[in-house]
1. Got the relative contact order for the stretch 147-215 handy, in percent, Cα pairs under 8 Å and 6 or more residues apart?
2. Using amide H atoms built in the peptide plane, which far-off residues or other-chain residues are under 5 Å from VAL10 H to H?
3. Scan around ALA216 for amide H atoms under 5 Å from its own, H built in the peptide plane at 1.01 Å from N, and keep only partners 5 or more places away or cross-chain.
4. Arranged by the count of other C-beta atoms within 10 angstrom, fewest first, what order do SER300, SER177, SER322 take?
5. Where a Cα-Cα gap under 20 Å defines reach, which lysines qualify for LYS204, not counting those fewer than 8 residues away within the same chain?
6. If you average 1/r over every pair of different alpha-carbon atoms in the stretch 111-195 and take one over that average, what Kirkwood value in Å do you get?
7. Rounded to the nearest 500 deg cm²/dmol, what is the calculated helix-only ellipticity per residue at 222 nm for the chain, with -39500 (n - 2.57) per DSSP H run of length n ≥ 4?
8. GNM, the chain, Cα, under 10 Å: largest mean-square fluctuation among ILE308, ILE258, ILE11?
Amino acid sequence: MVSRSVRLAVIPGDGIGPEVVAEGLKVLDAVSGELTFERTEYDLGAARWHRTGETLPDSVLEELRQQDVILLGAVGDPTVPSGTLERGLLLRARFELDHYVNLRPVKLFPGVATPLAGVTTDDIDMVVVREGTEGPYTGVGGVLRKGTRHEVATQESVNTAYGVERVIRYAFEVAASRPRKHLTLVHKDNVLTFAGDLYQRVLKRVAEEYPQVTTAYCHVDAATMFFVSQPRRFDVIVTDNLFGDIITDLGAAVAGGIGLAASGNVNPDRTAPSMFEPVHGSAPDIAGQRKADPTATILSVAMLLDHIGEGDAARRVERAVSDDLAERAAFGERSTSQIGDAIAKRVSG
Ligand code: NAI
Ligand code: MG
C-alpha cells in the first residue's frame, strides 16, 4: 500500500465537544498505518466568541477550504446568545462549504437497547439524506417593528430546482447501493404546496433514471409516527433541512440514543472539504464529567474514512464499535475515555 497523508481540520468546539473528539482522534490514530493525518486544530466556539466576538472569521474559513476533511465536536454554550454559534459557525460552514447533503444513518446495532417493543436490528436500518443548504435554514426573512405589539417576523423556506435535484440524485445513489433499494420522500406537500410539489416533481423525474429503486412518499407528521410504530418502512429517506433535523433526533432515540448518532455534512462534488460530526450538541449538562458517550463521534470518524476513500478502515472502525456495543451491557458504567480506549484497542487488535 502506498502511504497517504490527509489534511484533517479538527474543531473540538464547546461542552462535551473536546471530550468526544479526543476519543474520535484516538480511534483514527489506531487505524492509521499507512494513512497519516496532518492535523490542524481550530479554536472556534464559545471561548473564542467571548474573547474576540468572532464565530467563523473569513480567514479561518479560507484555511478550512485548504483541508481535505473536517472533524467537528459540537458548538453551543448557555453563555452565548442562542443562534450566535449555531448560525455564525455551524450553519455558515455548512453553507459556505456547500454541504448540500447531511447524511444521517439510523441503525440499531446488536445488543443496543431501543425504547421500541418487539423490534430487531433488521427493523431499524435506514439512512436519512437531509438537504443541507436550503429550506427554512437559509436565514431569509426578517423582523419589523421588533418588540412592539405589531411585530412582524418572517422566516422563508428557500427551495431551488437545482438544490432539490442534487440532493434527490444523491439519495437515489445511496438507495441504489443498498440491498432494499427503497427511497421515501418525507415532506408536507399537502400544506407546503410549493416546496413539496417541487420535491415531488423532481423525485418523479429522477426516478426514471433509477428503475431498480422503488419510491414512496410520507408526510413528515406520519413519518414520526412510523419511526416508532413501523420503522421497517424506511430504507433511505430524502427530506428538507428542517424536517431532516427533527426526524433524525427521533431516529437517534429509537436507535439507542443520541450518544450513538453519527452524521456527515457532505459536499459530494468535492469542491470543498466535508465535515463529520456527532448529531448531538455540546450537552452542557454533562460537560466536564467524563460521562459523554464518544460512540457517535467514533461512528462519524468511520463515515469520514469512507468519504476519503478508506472504506476498509471505515469497516474496521464500525466493526469495533459494533463489537463494543454488543458487550456494553456487561461493562457497567464507563467514562468517555474508557469507551474510546476500548474501541481503539479493538481497532488496532
Ligand atoms: P444536546 O444534544 O447537547 O443534549 C441533549 C441531551 O442529550 C442532554 O441531556 C445531553 O446530556 C444528552 N447528550 C448529548 N450528547 C450526549 C453524549 N454524547 N453522551 C451522553 N449524553 C449525551 O442538545 P441540547 O441540550 O439541545 O443543546 C445543547 C447545546 O448544543 C445548545 O447550545 C445547542 O444549540 C447546541 N447544539 C449544537 C449542535 C451541533 O454542534 N451540531 C447540535 C445540537 C445542539
Ligand atoms: Mg438537531
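1. Rounded, it is 38 percent for the stretch 147-215.
2. For VAL10, the qualifying residues are THR40, GLU41, TYR42, LEU71.
3. LEU183, THR184, LEU185
4. SER177, SER322, SER300
5. List returned: LYS181, LYS188.
6. Averaging 1/r across every pair of different Cα atoms and inverting gives 16.5 Å.
7. Result for the chain: -12500 deg cm²/dmol, rounded to the nearest 500.
8. Per the Cα network of the chain with a 10 Å cutoff, ILE308 tops the list.
Just so you know, all these numbers are worked out from the coordinates, no wet-lab data involved. These numbers come from a predicted model, not from an experiment. Please note: Cβ atoms are built from the backbone with ideal geometry, for glycine as well, and neighbour counts cover all protein chains shown.
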